[in-house]
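Working notes, structure below.
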Amino acid sequence: MINVIGLGYIGLPTALMFASHGVDVVGTDYDNELVATLKSGKTTFEEDGLDDLFNDAVAKGIEFSTDYIETDVYIIAVPTPYDKFSKKIDASYVLAAVNNVMRVCPKGATVVIESTISPGTIDKFLRPVVEEMGFTIGQDLHLVHAPERIIPGDMVYELKHNSRTVGVDDKAVGEKIKALYGSFCQGDIAVTDIRTAEMTKVVENTFRDINIAFANELTKICRLDDMDVYEIIRIANMHPRVNILQPGPGVGGHCISVDPWFLVGDYPGLANIILAARKINDSMPEFVLERVHNIMKQKGMTDLTRVGLYGLTYKEDVDDVRESPTLQLLESMERHLAPGLKVYDPFVKRELVENQYYDFDTFLAEVDLVVIMVAHNEIKEQMDKLKGKVVLDTKNIRGLEGAYKL
Ligand code: SAJ
């Protein structure tokens, strides 16, 4: 039996995947409402394949609870928020979860942290907390870091097929946890030490951030001299050793836009490319705004309230808005005291910002300039509705003719 703590974007699919592969699972979350929803047979967010996986796991007996269970393996997938100003990670949810585990676990239990943590968190924060509670690490409790690697939008496939990292103090514990993940994971599972596992996870996301920043910087260079950045990247990528990612209106989400800051915060003066990349990606929402102003000038448009931002989530076809480029853009407008743009996203049904619309057609009727911030399938399937509008397409949607690009 395993107890998965935290049933959010990572914990829920992971718990379901274990259960659907024959592992006895209790999923625990402190949120009563969330647990009640799951118990009533419904999932809590949209993700390809999640509902089928959920039904399978329920048929195989997964249980949901607000209580921690007495068992020998815990998997912790609670949020690790970060402070926007200090850029430091807030490990308090992880620490609280481990504290709760220690109240119920038998001697020799293993606690696997899946949540992303800044390198050194286990040594600096977790070990002291465990020891203060009178536990001897390696005897009373084993600590493991097995960071998640799945991409929202393709989580179910990636859970099964990605390789994984398991960081441990003790190789025997590593082999046990490797076998546990091996119940569903078809990728390689590297067993290493905890510090390496922490660092590797952050390095992976930092690599992607830097690559995207390169594409975004090229976009600014190409804009200045009217070159087609997409064509340049397409052709450059035909080289066998070049693989440049795509430019966009910014980098959002709780991973790629956050994790590199851990390295900047801990290694000031050394993490130079990393810091520059963060700044470039963070500058993109304002660059979009500049493009909007230029296009309006060219078109003789003056009314910003006739400009609509399509997309509020941090990327296509997910419902997660954390650190989204659109929210960053609206925040920067507030700083400039600019009047409100109109906003619409098919995945966001609750009111998040001013001038938000909930229906595509109504939104379109109210705007003359549409800025595509997120390339949801909805807009790709209804491109004909954009006829007659001025369009700034920050995502370079294939087949969308006549739109301005970044
Ligand atoms: N983006 C671009 N250009 C690109 C690709 C992405 O501008 O070519 C933007 C997206 O629009 C989005 C942001 O970057 O705003 C991040 O999106 P993403 O799809 O690159 O990544 P995430 O944040 O959804 O998931 C990442 C993944 N990490 C890597 O690919 C190295 C995933 O595997 C991790 O599990 C996840 O972070 C995590 O939880 O850490």
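The values are calculated or read from the model by the stated rules, or taken from the named source; none is laboratory data. Computed from a predicted model, the values in this text were never measured in an experiment. Positions of Cβ are backbone-derived with ideal geometry, glycine not excepted, and every protein chain shown enters the neighbour counts. Surface areas here come from the heavy atoms of the whole protein model, side chains and all, with no ligands, DNA or RNA. Shrake-Rupley method; radii C 1.70, N 1.55, O 1.52, S 1.80 Å.
Points to keep in mind about this one:
- Selected residue (only one of Asp90, Asp48 is touching a Pro at 6+ places or on another chain (Cβ under 6 Å) and open to solvent by 20 Å² or more (accessible area, probe 1.4 Å)): Asp90
- Among the residues examined, Phe262 qualifies as open to solvent by less than 70 Å² (accessible area, probe 1.4 Å), of a type in the set (Phe, Trp, Tyr) and in the same structural domain as Tyr314 (by TED's automatic domain parsing).
- Filter result for the condition that a residue is within 11 Å of the ligand (Cβ to nearest atom) and out of contact with any helix residue (DSSP H, G or I) (no Cβ under 6 Å at 6 or more places or on another chain), over Arg241, Arg208: Arg208
- Pro119 being assigned to a loop (DSSP other than H, G, I, E, B) and more than 17 Å from Val168 (Cα to Cα): no
- Thr192 within 14 Å of the ligand (Cβ to nearest atom), among the hydroxyl-bearing types (Ser, Thr, Tyr) and touching a residue at least 12 places away in the same chain (Cβ under 8 Å): no
- From Lys171, Lys178, Lys107, residue being more than 28 Å from the chain's Cα centre (by Cα), without any contact (Cβ under 8 Å) to a residue 24 or more places away in the chain and over 24 Å from Tyr267 (Cα atoms): Lys171
- Tabulated pairs, the stretch 137-153, first at pLDDT 95 or above, second among the basic types (Lys, Arg) and within 13 Å of the ligand (Cβ to nearest atom), C-beta under 6 angstrom, 6+ apart or interchain: Pro147/Lys201
- Among the candidates Glu286, Glu354, Glu331, Glu290, residue that is among the charged types (D, E, K, R) and in contact with a Ser or Thr (Cβ under 6 Å, 6 or more places away or on another chain): Glu286
- Residue in the stretch 117-125 that is open to solvent by 40 Å² or more (accessible area, probe 1.4 Å), on the phi < 0 side of the Ramachandran plot and without any contact (Cβ under 8 Å) to a residue 60 or more places away in the chain present: yes
- Among (1) within 16 Å of the ligand (Cβ to nearest atom); (2) open to solvent by 70 Å² or more (accessible area, probe 1.4 Å); (3) acidic (Asp, Glu), the one test that Asp361 misses: (1)
- Candidate set: the stretch 139-162, residues that are open to solvent by 40 Å² or more (accessible area, probe 1.4 Å) and either away from the ligand (no atom under 16 Å from the Cβ) or touching a strand residue (DSSP E or B) at 6+ places or on another chain (Cβ under 8 Å) (or both); chosen: the one nearest to Leu50 (Cα to Cα): Arg149
Rundown of residues vs (1) under 22 Å from Cys105 (Cβ atoms); (2) under 21 Å from the mean Cα position of the chain (by Cα); (3) not assigned by TED's automatic domain parsing to the domain that holds Leu180, yes/no style:
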site	(1), (2), (3)
Ala19	yes, no, no
Val23	yes, no, no
Tyr30	yes, no, no
Leu38	no, no, no
Glu47	no, yes, no
Leu53	no, yes, no
Gly61	yes, no, no
